[in-house]
Amino acid sequence: ALLLERYSQAQQADPAVTSEVTAELENWVQANPDDSQMRLLIAQQRLSEGRFAEARDHYEVIAERRPEDPALLNNLAYVYGELGDERALATARRANELLPNNFVILDTLGWILVGDGQHGEGLPLLEESYRQASEHSEIGYHLAVARARSGDAAGAGALAAELLARGDVPDKLRADIEALQASL
């Protein structure tokens, strides 16, 4: 419990503290490999850092124990997608079967489909995801990309402009949206 409390506090502190506490979590999981809760914290941290291979390794261990957890499968599918792993689509579809019409899962599944060139199937999923959660700029970006790849440059441009008008878009995402807009 103390380690969880330190992790929670570290997330609100600077990255160096978060890294230190995450290293403590890694040591804990090495000594206690069946502790899925701590392993999940590490996986989520690695995912947020873009360290997808490390996140995958932890998510896969947990998925062996919790194969019916749609949130876990969704994150694993996203990681697989980022790594170019062919299991991404099947894993995202399984998450969607377990928890249909969830905006997070629809976003992941739609984004993977669009990345695989299956725009006709991915676009409606991203449209629905954005309809449910338009406050999430990353979902809006995914939808704008899907529109652009589907040949709807005007729709992609309008959505990109809408997203850029928001004041709360993270810098990396803002750069991606600006690059998309410039490519239209």
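The values are calculated or read from the model by the stated rules, or taken from the named source; none is laboratory data. Given the structure is predicted, the values throughout are model-derived calculations rather than measurements. Glycine gets a Cβ as well: all are built from the backbone with ideal geometry, and neighbour counts include every protein chain shown. Please note that ligands, DNA and RNA were not included when accessible areas were found on the heavy atoms of the full protein model with its side chains. Shrake-Rupley method; radii C 1.70, N 1.55, O 1.52, S 1.80 Å.
Would you confirm, using the coordinates I've provided, whether residue 96 is of a type outside the set (Phe, Trp, Tyr) and at positive phi? Here the answer is no, as residue 96 does not meet what is asked. Determine if region 79-89 includes at least one residue that is assigned to a helix (DSSP H, G or I), open to solvent by 50 Å² or more (accessible area, probe 1.4 Å), of a type in the set (Lys, Arg) and out of contact with any Asp or Glu (no Cβ under 9 Å at 6 or more places or on another chain). The answer is no, given that none of the residues of region 79-89 is assigned to a helix (DSSP H, G or I), open to solvent by 50 Å² or more (accessible area, probe 1.4 Å), of a type in the set (Lys, Arg) and out of contact with any Asp or Glu (no Cβ under 9 Å at 6 or more places or on another chain). Looking across 164, 123, 184, 143, one residue alone is in contact (Cβ under 8 Å) with a residue 12 or more places away in the chain and open to solvent by 70 Å² or more (accessible area, probe 1.4 Å). It is 184. Evaluate the following for residue 105: is it farther than 30 Å from residue 64 by Cβ and either assigned to a helix (DSSP H, G or I) or modelled with pLDDT under 95 (or both)? No; evaluated as a whole, the condition is false for this residue.
On the given criteria, is residue 101 touching a residue at least 12 places away in the same chain (Cβ under 8 Å) and under 20 Å from residue 44 (Cα atoms)?
Values: touching a residue at least 12 places away in the same chain (Cβ under 8 Å): yes; under 20 Å from residue 44 (Cα atoms): no.
Considered against the rule, which asks whether it is touching a residue at least 12 places away in the same chain (Cβ under 8 Å) and under 20 Å from residue 44 (Cα atoms), residue 101 comes out as no.
Counting the residues of region 39-61 that are surrounded by fewer than 19 Cβ atoms within 10 Å (Cβ to Cβ), at negative phi and not hydroxyl-bearing (Ser, Thr, Tyr) gives 8.
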